[in-house]
Structures are given as C-alpha cells and as structure tokens.
Amino acid sequence: MANVSALEIKKALAKKHGDREFFITECKTGPTRSGVLQFDGLAIYKSWAHPNIAGYEIKVSRSDFLRDAKYTQYMPYCHEFSFVTP
C-alpha cells in the first residue's frame, strides 16, 4: 500500500463535503498566539435551522496519533470531531 499524505486526505475531505458545506483546511481557533488550536479540516454545514460544525484531525501514522494529547481541546469548538487516517 502506498503512503497517503495529509494533503491527499484534505483533498478527499473537501470532495466529500462538496458544495453542501463550507470546508476549510488549517483553520485556527483564534488569532495567532500561543494556545491557539488549528484544525486540519473544518466543515461548516449550510443551515440556519441546524448549524453544525465538524472538525477533523488528520493522522498519517500511528506514532503521530499516539503523541497527540491535545485533541480533547477541540471539542468546545465543534459539534462533531473525527480523526481521519489513511
């Protein structure tokens, strides 16, 4: 199996969300400073009645996943949160 890059995963997520949602990569939770989090991908569903924000954290290796302890800090910023792996 060939290695899959984070960029390829971001492109697949953008395609998945298509025109139904806004999809943003490298989305920060605030102005650049220490303590600011950055989603690898963020989808905002277009709905006035049922707004929904889905956050994505991309992990391309097991070691990358194991050393990330900050993922719980993303929860207050989104309705759904998912790890995306090859």
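Backbone N atoms of region 54-86 closer than 15 Å to the 7 Å Cα→Cβ label point of Ala6 belong to residues 56-71, 83-86. Both radii were evaluated on the Cα set of region 41-83; the Rg over Rh quotient, with Rh as the Kirkwood radius, amounts to 1.07. For the chain, the 222 nm mean residue ellipticity estimated from helices alone, with every DSSP H stretch of n ≥ 4 adding -39500 (n - 2.57) and the total spread over all residues, rounds to -5500 deg cm²/dmol. Only beta bridges with both residues in the chain are counted; by DSSP, about 70 percent of them are antiparallel. With r as the distance between the Cβ atoms of Asp19 and Ser63 and R0 = 30 Å, compute the FRET efficiency 1/(1 + (r/R0)^6) and round to 0.05. The calculated FRET efficiency here is 0.25. Within straight-line reach of Lys46, meaning a Cα separation under 14 Å, sit the following aspartates and glutamates at least 8 residues removed in sequence or on another chain: Asp19, Glu21. Overall, the anisotropy analysis places the chain in the oblate class: the square-rooted eigenvalues a ≥ b ≥ c of its C-alpha gyration tensor yield a/c not less than 1.5, with a/b not exceeding b/c.
A short reminder: the numbers here are calculations on the coordinates, not readings from a lab. Predicted model, so just to flag it, every value in this text is computed and none were measured. As a convention, Cβ positions derive from the backbone with ideal geometry for all residues, glycine included, and neighbour counts pool all protein chains shown.
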